[in-house]
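The values are calculated or read from the model by the stated rules, or taken from the named source; none is laboratory data. Just so it is clear, the model here is predicted, and its values are computed rather than measured. Cβ placement follows ideal geometry from the backbone for every residue including glycine, while neighbour counts extend to all protein chains displayed.
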Amino acid sequence: MSLVSDTIIQTDDLSDPRVADFLAAHLVDMRRVSPPESVHALDLERLRQPDITFWTQWHATDTQQTLVGTAALKMLSRDHGEIKSMRVHGGWRGRGLASQLVQHIIAHARQVGLRRLSLETGTQPFFEPARLLYLRHGFRGCPPFGDYCEDPHSAFFTRTI
């Protein structure tokens, strides 16, 4: 598949019903592949907290906009943030969209003065593309951070900014 260049990443207030549906599908996937105690995905209300910036990624044509991806940044401290709710629609995966989202988050993190970005993702085969994506963008495995605990179903990554 080819890289999609005609996408727009924008800060989002989570009011569009298409975003709610997209995130509901994300939660269904997470619950399908991970045990309940290992699902750390945030629902709409938790994503609306003031310590979280949320973005949507849209593929635009002359006639429509299609929601193709989401990502969020949760502030853990003044200089440390956590990537949350990274998702690219299944039909759009493999086209470089997730890399665009990660690069956007890293740029934003630099702009707001963060020194470190971290994330949690799964260890199951379903999450292998995500783990490889983060490694390609300079993230390295790390111990649990924030409120996380050791979990055989969670992989933790971090990188300096």
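Which one is nearest to residue 19 (Cα to Cα), of the residues in the range 81-96 that are surrounded by fewer than 21 Cβ atoms within 10 Å (Cβ to Cβ) and touching a residue at least 60 places away in the same chain (Cβ under 8 Å)?
This residue is 89.
I'd like the full set of residues that are surrounded by 12 or more Cβ atoms within 10 Å (Cβ to Cβ) and in contact (Cβ under 8 Å) with a residue 60 or more places away in the chain, limited to the range 1-24.
4, 7, 9, 22, 23
Please go through the range 119-143 and pick out each residue that is hydroxyl-bearing (Ser, Thr, Tyr) and at pLDDT below 95.
Restricting attention to the range 119-143, the residues satisfying the condition of being hydroxyl-bearing (Ser, Thr, Tyr) are 121, 123, 134.
Matches in the range 119-143: none.
Considering only the range 106-161, state which residues are of a type in the set (Ser, Thr, Tyr) and part of a strand (DSSP E or B).
First pass over the range 106-161, keeping only residues of a type in the set (Ser, Thr, Tyr): 118, 121, 123, 134, 148, 154, 158, 160.
Residues satisfying the conditions are 118, 121, 154, 158, 160.
Sort out which residues of the range 118-141 are of a type in the set (A, V, I, L, M, F, W, C) and under 17 Å from residue 38 (Cβ atoms), and write them in order of number.
Correct list: 119, 126, 127, 130.
If I filter the range 30-43 for residues that are of a type outside the set (Val, Ile, Thr), more than 12 Å from the chain's Cα centre (by Cα), buried (at least 18 other Cβ atoms within 10 Å of the Cβ) and at pLDDT 95 or above, do I get at least one hit?
Kept after step one, since they are of a type outside the set (Val, Ile, Thr), are these residues of the range 30-43: 30-32, 34-38, 40-43.
Then drop every residue that is not more than 12 Å from the chain's Cα centre (by Cα), which leaves 30-32, 34-38, 43.
With the extra rule that they be buried (at least 18 other Cβ atoms within 10 Å of the Cβ), the set shrinks to 30, 34.
Filter once more, so that each one left must be at pLDDT 95 or above: none.
Scanning the range 30-43, I find no residue that is of a type outside the set (Val, Ile, Thr), more than 12 Å from the chain's Cα centre (by Cα), buried (at least 18 other Cβ atoms within 10 Å of the Cβ) and at pLDDT 95 or above, so the answer is no.
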